Amino acid sequence: MSKLAELRSTRWAAWLPAIIAVVAVALFPLFRPPLDATMSDVIQALAYVVMALGLNIVVGFAGLLDLGYVAFYAFGALAAGWFASDHFSKVNGGEGVHIGVSEFVTTAFPQGIHVSFLLIMIGAIIVTAVAGAVIGLPTLRLRGDYIAIVTLAFGEIISRFAANGDEVVIKGYALSNGRESISPIDQLNLPLVGEFDSATNLRLYFWLALALVLVVLFVNFRLRDSRLGRAWIALREDEVAAASMGVPLVRTKLTAYAIGATFGGIAGAFLGVYNNSVNANQFQFGISIFLLAMVILGGLGSIWGVVIGAVLLSFVNTYVIPDVLDKGSFNNLLSDVGLDFTFGEIKFGVFGFILVLMMVLRPQGLLPERRRAIELTEGTGGDDAIVETRA
Amino acid sequence: MSEPETNGTTSKLSTEGVSKIFGGLVAVDSVDFEIAPRSIVSIIGPNGAGKTTFFNMLTGLYKPSTGRIMFDGRDITGTRPDKITAFGVARTFQNIRLFSTMSAVENVMVGQHARMTGGMFSSILRTPGVRREEREVREQAREMLDYVGLRVAEFDQVSSNLSYGDQRRVEIARALASDPSLLLLDEPTAGMNPNESARLTEFMERLRDEKNLTILLIEHDMKVVMGVSQHITVLDHGEKIAEGLPREIRENERVVEAYLGKSTGD
């Protein structure tokens, strides 16, 4: 028994740094004004962490290269746009539908569908899980690079769909407002906590984003150390052997796609509400690559690595590039030698440069998963045979 | 676990006219084949005779172009590999195909996948049922590794760090973990010295007797084949050219021809 107690205490000890970090992050907003640029950067970073962790399930665990992850962000954000705004203005004879929203929303926005944030979240989860499975289907018989191409196309289809949705009119309602925004979107209103407007107070958004990250982290860890997680890794390592050991390929891959997509939907719905607007410019192909870069930077398949990668790249994006590289002495230096561009204009060049640096200096990622480190140094089994039996 | 149901058949596994055609190449040409329950039988033949292709059809990796495969009185022609595994067929591979970044124990745990029930939601919540199952499966995996003779110190080693012989052991343990009634071994003694081969031969007999297994074996080492098999089938160019008791096969002219070539003398 004492041995068990010992084991338990060592397990807690291993979690201690993570717990301290979480508490520190949770207290952070109390030391900042309610409306604060740094806080908004952190919220953005936390949302990226959620998405990167979702992508990590597909790419890192199951080994299915997905270049169209932005599609799930789009679905989540559109869910917020559709069900928490005036978008469907003539619904219910112009009187709108209000479910679980505050008095303020009901009186200020009498038209359209206004649904409680929690319900939107659930809706976004369901929609993106289905969308994830749907994008999974055509890739089932493909491998490696070919999966990447199909998912890339899928991501593009969804973002075109969002961009041109203003011309797809069904029963008098456009699917989206295209490049124009669906706005305003109902502000966060949680049971017990009350209503918070992102225009005046970011704290609740911050804590909500942190809570989402924690939930997603929890799910990631639990799944990784489960029957399903082992099946994903087996699949990534050797599909043929996995199938021969009783792992159903189709179902296992589709669950990876669906769960990964779900996290994108969660983050999307959150960002939709947080940004107070949803428009097609938010769903660019670059986001998919940006997220993939986070996963690779942190270490494919490594949960903590991905968290670090996402936070770092997000800060490069929202802080380092606009506030350090493009301001002050560094920018003056550039213009002195006659280079009149800003780093904001060549953002993806900066990210690409970081990735190249990583590939040279530390290809396994900042905080590699034990397995990946092995794979990179010793390689995995061949991929010669294919499973022929149809799903 | 499904004990062999005697649905009018007495064979563990049988095939009728099974062929596999890749483009213009007939890799396996209408092979009829049968294995009696609780026996050890071998398929032999020169390289490229279609033995592994035949194996891949039995385990569902390839779909037969023609013919029928019955296992325990159940038609498994073209069934998905994971389902066939769940029915009770397990295999090893000619070139070891362990999940190289997983530990020995984890490899064996994957082998138990089909016998486990933990779903997505229960795994996230880690329900008492899932907790218990995980613990049991881990325990069984360790027992299985012990059974195949892996040293305890190697249990948590990443499988790519194990020696060749140990990797073979883990692969067999992984196959056994799915609780099969039929075990297919694809050249299990490849790369082993005579001593190790002899030990493996003994081990196969032990498996048959202790675990009630039927074993089908592809093998090149004639000493192993002749020593352990109750029945031998010979394939050449995808066709079955002979079958019978080891003694009969040894004396069969066509078999000798297939292996050594036709004598050209008068």
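The values are calculated or read from the model by the stated rules, or taken from the named source; none is laboratory data. Quick caveat, the model's predicted, so the values are computed rather than measured. All Cβ positions, glycine included, derive from the backbone under ideal geometry; neighbour counts span all protein chains shown.
Residues in the range A:141-173 that are in contact (Cβ under 8 Å) with a residue 24 or more places away in the chain, part of a loop (DSSP other than H, G, I, E, B) and at positive phi: A:Gly172 only.
Would you mind stating whether A:Met245 is surrounded by 21 or more Cβ atoms within 10 Å (Cβ to Cβ) and facing chain B (nearest Cβ under 8 Å)? Taking the combined requirement at face value, the residue satisfies it. Screening B:Gln230, B:Gln167 for residues that are on the phi < 0 side of the Ramachandran plot, out of contact with any Phe, Trp or Tyr (no Cβ under 7 Å at 6 or more places or on another chain) and buried (at least 17 other Cβ atoms within 10 Å of the Cβ) leaves exactly one candidate, B:Gln167. Which condition does B:Gly88 not pass, out of (1) within 24 Å of B:Asp29 (Cα to Cα); (2) buried (at least 18 other Cβ atoms within 10 Å of the Cβ); (3) more than 9 Å from chain A (Cβ to nearest Cβ), if it passes all the others? Looking at each condition in turn, B:Gly88 falls short on (1). Candidates in the range B:73-85 are the residues that are surrounded by 20 or more Cβ atoms within 10 Å (Cβ to Cβ) and outside any loop (DSSP other than H, G, I, E, B); of these, the one that is farthest from the other protein chains (Cβ to nearest Cβ) is B:Ile84.
Take B:Ile69 and tell me if it is touching a helix residue (DSSP H, G or I) at 6+ places or on another chain (Cβ under 7 Å), farther than 23 Å from B:Phe155 by Cα and modelled with pLDDT of 95 or more. Yes: the conditions hold for B:Ile69.
Conditions tested, residue by residue: (1) in contact (Cβ under 8 Å) with a residue 24 or more places away in the chain; (2) within 30 Å of A:Thr38 (Cβ to Cβ).
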| site | (1), (2) |
| --- | --- |
| A:Leu228 | yes, no |
| A:Ala242 | no, no |
| A:Val250 | yes, no |
| A:Val278 | yes, yes |
| A:Ser314 | yes, yes |
| A:Phe330 | no, yes |
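Take the residues in the range B:55-70 that are more than 14 Å from every other protein chain (Cβ to nearest Cβ) and either farther than 19 Å from B:Ile215 by Cα or crowded, with 24+ Cβ neighbours inside 10 Å (or both); name whichever of them is nearest to the chain's Cα centre (by Cα). Once the filter is applied, the top-ranked residue is B:Arg68. Looking across the range B:94-119 at every residue that is more than 7 Å from every other protein chain (Cβ to nearest Cβ), in a loop (DSSP other than H, G, I, E, B) and not small (Gly, Ala, Ser), the one that is nearest to A:Ile233 (Cα to Cα) is identified as B:Leu98. Of all the listed residues (A:Ile147, A:Ile126, A:Ile157), the sole one being more than 16 Å from the chain's Cα centre (by Cα) and within 17 Å of A:Gly260 (Cα to Cα) is A:Ile147. Say we look at the range B:30-54 and pick out the residues that are surrounded by fewer than 24 Cβ atoms within 10 Å (Cβ to Cβ) and among the charged types (D, E, K, R); which of these is farthest from B:Val89 (Cα to Cα)? Checking each candidate, the answer is B:Asp32.
Within the range B:120-143, take every residue that is within 29 Å of B:Thr214 (Cβ to Cβ) and surrounded by 14 or more Cβ atoms within 10 Å (Cβ to Cβ) and give me the one that is farthest from the other protein chains (Cβ to nearest Cβ). Looking at residues that are within 29 Å of B:Thr214 (Cβ to Cβ) and surrounded by 14 or more Cβ atoms within 10 Å (Cβ to Cβ), I get B:Arg142.
To keep it simple, each residue is scored yes or no on (1) within 30 Å of B:Pro180 (Cα to Cα); (2) more than 9 Å from chain B (Cβ to nearest Cβ).
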position	(1), (2)
A:Glu239	yes, yes
A:Leu249	yes, no
A:Tyr257	no, yes
A:Gly264	no, yes
A:Asn279	no, yes
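Among the residues in the range B:144-158, are any within 14 Å of chain A (Cβ to nearest Cβ), more than 26 Å from B:Gly48 (Cβ to Cβ) and buried (at least 22 other Cβ atoms within 10 Å of the Cβ)? The answer is yes; a qualifying residue exists.
Under the condition of being surrounded by 23 or more Cβ atoms within 10 Å (Cβ to Cβ) and either more than 14 Å from every other protein chain (Cβ to nearest Cβ) or closer than 16 Å to B:Arg126 by Cβ (or both), the residues counted in the range A:217-237 number 4.
Okay, residues lined up against (1) among the polar types (S, T, N, Q); (2) within 24 Å of A:Thr262 (Cβ to Cβ); (3) touching a His at 6+ places or on another chain (Cβ under 6 Å):
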residue: A:Ser176; (1), (2), (3): yes, yes, no
residue: A:Asp186; (1), (2), (3): no, yes, yes
residue: A:Asn189; (1), (2), (3): yes, yes, no
residue: A:Asp197; (1), (2), (3): no, no, no
residue: A:Leu208; (1), (2), (3): no, yes, no
residue: A:Ala211; (1), (2), (3): no, yes, no
residue: A:Phe218; (1), (2), (3): no, yes, no
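Is there a residue being β-branched (Val, Ile, Thr) and surrounded by fewer than 14 Cβ atoms within 10 Å (Cβ to Cβ) anywhere in the range A:101-109? Within the range A:101-109, one or more residues are β-branched (Val, Ile, Thr) and surrounded by fewer than 14 Cβ atoms within 10 Å (Cβ to Cβ).
Restricting the first member to the range A:188-203 and to residues that are acidic (Asp, Glu), and the second to residues that are assigned to a loop (DSSP other than H, G, I, E, B), the beta-carbon pairs closer than 6 Å and six or more apart or on different chains are A:Glu195/A:Ser102; A:Asp197/A:Gln187.
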